[in-house]
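Below is one structure, written out as structure tokens; the observations come after it.
Bear in mind that the values in this text are calculations on the coordinates, not laboratory data. Remember, it's a predicted structure, so these values are computed and weren't measured experimentally. Glycine also receives a Cβ, built like all others from the backbone with ideal geometry; neighbour counts cover every protein chain displayed.
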Amino acid sequence: MSRNSAAAGPVPVNLPLERRLAAAVERYGESVVMARSLSLLAGHDEGSDFLLFVGGEHAQGILDGAPVLYWPELWGARALLHVWDESVWDETAESLVISTLNNPAWRVKEMGARLVAARELDAASELADLLGEEVPRVRAAAARALGAIGSSADIDRIGVLLKDPEVEVRRAAQQSIDRLRSRFPKD
């Protein structure tokens, strides 16, 4: 499939994310959208049309010369929250998704934690490492993700965040502990 879709019509950049991604799936197919999103996670260029689908109006800034930074990786991870095809999933894809938890950009780590939880990936130890991150949103996302995929052993790890200086982190920690306790009641 061509990476240039000028013949297919303009990318609907002004639509909400879910509708843009639905349009991308309609144009390319679910497996191609997932594969290209994974490719963004790996740091590859997937062309201007695909970047516009996953990044919307904000992607136009990059296409106009703004620094790329971490945005394509973030948008690739975010797209995978909405578009998923098991036929594309393999160990390489799983490694790419889990690697977002070690990305230098905090926004990518935060989105990676959400994605790991949504797809129920085995990354509890990587998430536990994020509980001590400098950025509160990353700590909160890691706590929420551990609440979704962790075990009762993670309750104590998350419990440290109940005294975090940021209220959102404390709230995420309490909700995650409650979730783990409901999933793993004491015998």
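Assuming a ≥ b ≥ c are the square roots of the Cα gyration tensor eigenvalues, decide whether the range 83-187 counts as rounded (a/c under 1.5), prolate (otherwise, with a/b larger than b/c) or oblate. Since a/c reaches 1.5 but b/c is at least a/b, the shape of the range 83-187 is classed as oblate. Shape class of the chain from the Cα gyration tensor (axes a ≥ b ≥ c, square roots of the eigenvalues): prolate, since a/c reaches 1.5 or more and a/b is larger than b/c.
Over the chain, dividing the summed -39,500 (n - 2.57) contributions of all DSSP H runs of at least 4 residues by the number of residues returns a 222 nm mean residue ellipticity of -19000 deg cm²/dmol.
Give, in nm to one decimal, the length gained when the segment between residue 89 and residue 135 is fully stretched (0.36 nm per residue of separation minus the Cα-Cα distance). Let's see the in-between values first.
Numbers: separation 46, 0.36 × 46 = 16.56 nm, distance 3.01 nm.
Length difference between fully extended and current span is 13.5 nm.
Among 144, 19, 36, which one shows the biggest mean-square fluctuation in a GNM of the chain, springs joining Cα atoms closer than 10 Å? Sorting by GNM fluctuation, first place goes to 19. The label-point distance for residue 60 and residue 18, in a model that sets each label 7 Å from Cα toward Cβ, rounds to 2.4 nm.
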